[in-house]
Structure formats: structure tokens, C-alpha cells
Amino acid sequence: MGSGTEIGRVRGLGSAKSGAHHWWMHRLTAGSNFLLMLWFLVSIARLPALDYATVIAWLQTPLAAVPMLLLVISVFAHFRMGLQTVIEDYQHDETRVVALVLLNFYVIGMGALAVFSILKIAFSGGAA
Amino acid sequence: MAVSILHRATGAAMATAGAILLVWWLVAAASGADAYRGFLDLLTTADGSLNVVGYILGIGLSFTFFQHMGSGVRHLVMDVGANFELKSNKRSAQLTWLWSVCATILFWVYLLVVKG
């Protein structure tokens, strides 16, 4: 941090122009994942069964649907940033760009499927 | 060293196998009773208990999760600049194993023995 102009040091953005934002968001979602995954594991373990009727009835309640939505957003954002770091560390040629694009397609596609499914169950009881 | 690279391996395993299983479960539940039965058939036997695939994925992913959680907390401590002394650093790496093994056993004892 010793080089550069004074205003540059104050901004702290560095050559990537985004500063420590990615790093900080990764730690922030680690914390929210910690809480949400504990909630998820305890809830799943305490459900009387995991059959269709029980799971649908559970996911229809606001106190299950909302944490479940937050969990998907938090976990998916966290592993998008984690896998992005892994790709940037190990892929050095043009395949890096391809891998990053595929990662984003994967995360957004899977996330959309999960969010839509949770909302459908919550609002309509999962009826096909 | 091993625990550090394992943090990436466990993370990548959950981002692929774990995420696919979670989304599959949610999509199946939102697609109706027949689709949900198809999802359960993948993991359970006819009487409702877990089959071999169910046990491998269930125990494997829960252990993977607890190990990632343990090494993740260890990294959060190192992020604030602490725990870089060789001895305590090594001990905390070993503690992540103790934690993940114990947490996985306790989780499954609760599911299979306490709950029945």
C-alpha cells in the first residue's frame, strides 16, 4: 500500500478497481451461510419425515420459505465467488474466460430454478 | 496445507454435487408428487429408509459441509492476522478434523438413533 497517490490510497481500490469488495462479500456470505445452513440442518433433521406432504407443508410456511430463499441466495453467491477465485488461480489461458462464463451461467440458472421452485411451493402449495 | 487445499475441494464438491442435489429436491417438490417420488427413489428404498446412494451422498455431503465449515472458521481467524504461529496453526488444522468427524457422527446418531 506504499505506492500510488494519496487519493488512490484513500480509495483503496487497487488495480482491479473494485478494492476488497469481492473478498469482503465472500466473508460476509460465509457468515450468513453459517447461520442459514445451521438453521437448514436443524430444520431438516427435526422434520418428522421428508415425504412430499410434509416437505410441501413445511416450505409453505413463511418461516421456512424465506430462510430457504435467503439460503439459496447466500450459498450460491458464496460459491460463485469461491469458484471464481479457484478458476482465477488455476486457469491462466483463454479457458479462464470460458470457465468464468460457464460458472455464471451455472450459478444463475441453478439459482433461478431454486428460487422459482421455493416461491411456487410457498404460493401454490406445489400443485403441478 | 492439506486442510487449506481441502477447503477448496470441499467447497467445489458442495457447489456441484451439493447444489445439484438441493436444486433437484426443490424442483421435484415444486413439480408435484410424482416428480418428488422420483427424487426419493434415487436416495431411498421402498420402505422409506436410505439406500446406498442416499447414505453415501448424505454422510459424504454432511461431512464435506462440516469440514468446510471448520476450515472456513479457521480461515476467518487467520483473516484478522491471528493464528500464524506454526504450532497453533497446525493444531487448529487438526481441530477441523476433530470437529468435522464428531459433528458428522452426532448428526447421524441423531437422525438414525435418537429419531429412529
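Details
- Axis angle, to the nearest 10 degrees, between helix B:33-43 and the longest C-alpha principal axis of chain B: 50 degrees.
- Residue exposure sequence - A:Thr85, B:Thr64, B:Thr10 - by fewest surrounding Cβ within 10 Å: A:Thr85, B:Thr64, B:Thr10
- Counting Cβ atoms of other protein chains within 10 Å of each residue's Cβ and taking the mean over peptide A:114-124 gives 3.
- Mean-position separation - Cα centroids, region B:61-116 and region A:28-85, in angstrom: 20
- Of the residues A:Asn104, A:Phe34, A:Met81, the one whose Cα sits farthest toward the positive end of the charge dipole of chain A, with +1 on the Cβ of Lys and Arg and -1 on the Cβ of Asp and Glu, is A:Phe34.
- Helix B:2-13 axis versus longest C-alpha principal axis of chain B: approximately 30°, rounded to the nearest ten.
- All aspartates and glutamates inside 20 Å of B:Lys90 as judged from Cα atoms, apart from same-chain residues fewer than 8 positions distant: B:Asp79
- Relative exposure of A:Met25, A:Met37, judged by other C-beta atoms within 10 Å (fewest first): A:Met25, A:Met37
- On Cα atoms only, tilt of A:62-90 relative to the major axis of chain A in degrees: 30
- For region B:1-43, the spherically averaged projection of the C-alpha convex hull amounts to 3.2 nm².
- For the peptide A:72-83, the mean number of other protein chain Cβ atoms found within 10 angstrom of a residue's Cβ is 3.
- Value of relative contact order over chain A, rounded to a whole percent, pairs C-alpha under 8 Å and six or more apart: 29
- Kirkwood Rh in Å, taken over region A:1-59 so that all alpha-carbon pairs contribute: 15.2
Bear in mind that the values in this text are calculations on the coordinates, not laboratory data. Model, not experiment: these values are computed from the prediction. Backbone-built Cβ (ideal geometry, glycine too); neighbour counts: all protein chains shown.
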